[in-house]
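Notes follow once the structure below has been shown.
The values are calculated or read from the model by the stated rules, or taken from the named source; none is laboratory data. Since this is a predicted model, take the numbers as computed values, not measurements. Positions of Cβ are backbone-derived with ideal geometry, glycine not excepted, and every protein chain shown enters the neighbour counts. Accessible surface is based on the protein model in full, side chains and every heavy atom, while ligands, DNA and RNA are left aside. Shrake-Rupley method; radii C 1.70, N 1.55, O 1.52, S 1.80 Å.
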Amino acid sequence: MKPLRNPAVQSALGWIMAGWLRFCYATIRWEHRNRELVEAIWDQGGGVLTVFWHSRTSLAPAVWPLDRAQPIKGMISRSADGELLARAMARLGIPAVRGSSVNKDKGEVDKGGTQALRDGLRQLKVGGLAITPDGPRGPARSMAEGLPVLAKLSKAPVLFVGLSCNPAIRLNNWDQTVIPLPFGKGAVVWDRADFPEGAEPGDVVADWTARITAVEAAADAITGLERI
C-alpha cells in the first residue's frame, strides 16, 4: 500500500494540515473587497455555489465563517490526494462531496461525477457548495462544465472568489498550488453571477472563466503575490 493510501497516514497528515491552516488563517491580515455581495447571500440563506481556482483551495476555508454563513460542503475528488484534503477540510468544519466535474475534453463524467452531481444538487437545496472548476487534474484556470451544469439545474447564485496571501509556498505541481505562511497579508475579492435564463452550460464558460481569473488577479494585486 502506498503511504498516502494508508488511512492512518491520511488521518495524521489531515490533522497536521488542518492545524497549520488554522494557525495561518488566524495570523494573516485579511482584506476583503465586494464583501457586500456575499453578505447578502449569507443573509438570504439557502443554496449557493462558491467558486475559485484549484490552486487556492488551501485558502478557501478562511473566507466562510461557519457561525455566520449557511453550512457548506466542498466537492473533492476521490483520489488519494483528495482523501487527504477531505480529511483536512472536515477538521476545519467543511465536509466533502466526493467526485469530480464533467471532463471538458472527453465530454464524459469523471469517476464519481454522476453521484457527485446528485449529492451536489442535494446540498444546494440547503446550503453552500464549494467547487474548483479546473480540478482535480487541470489544465489550470480552465473550466469544466460541472459548475455551469450545477448552476443551471439548481438555479443557485454563483460566487466567484479571488483568494491570495503573501508570503506563500507554491507547490511544484500542475497548478502550482498556493500554501499560506503565517503573519502575512491576505486578500479576498468577491463577484457574483446567476445562470442566464434559457442559456446552456457551454454558453457561460468563457465569461465565468474570465471572471474567476479576474477576481484572483485582483486579490494577488492586493497582496503582491506574483502571478504565474
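Odds and ends about this structure:
- Selection status of I76, of a type in the set (V, I, T) and modelled with pLDDT under 95: yes
- Restricting the stretch 187-202 to residues that are over 17 Å from H32 (Cβ atoms) and either among the acidic types (D, E) or in a loop (DSSP other than H, G, I, E, B) (or both) leaves a set whose member that is least open to solvent (accessible area, probe 1.4 Å) is A199.
- Within the stretch 1-20, residues that are β-branched (V, I, T) reach partners that are assigned to a helix (DSSP H, G or I) and modelled with pLDDT under 85 with beta carbons closer than 8 Å, at six or more positions or on different chains, in the pairs V9/P3.
- Test: residue in the stretch 112-126 that is hydroxyl-bearing (S, T, Y), in a helix (DSSP H, G or I) and under 20 Å from K73 (Cα atoms): yes
- Search result, residues across the stretch 143-186 that are of a type in the set (K, R) and either under 20 Å from W64 (Cβ atoms) or open to solvent by less than 10 Å² (accessible area, probe 1.4 Å) (or both): K185
- Filter pass, V205 being open to solvent by less than 20 Å² (accessible area, probe 1.4 Å) and touching a residue at least 60 places away in the same chain (Cβ under 8 Å): no
- Criterion: closer than 14 Å to H54 by Cβ and more than 15 Å from the chain's Cα centre (by Cα) - qualifying residue of N173, N166: N173
- Selection count where residues are in contact with a Phe, Trp or Tyr (Cβ under 6 Å, 6 or more places away or on another chain), more than 26 Å from G224 (Cβ to Cβ) and small (G, A, S), scope the stretch 132-182: 1
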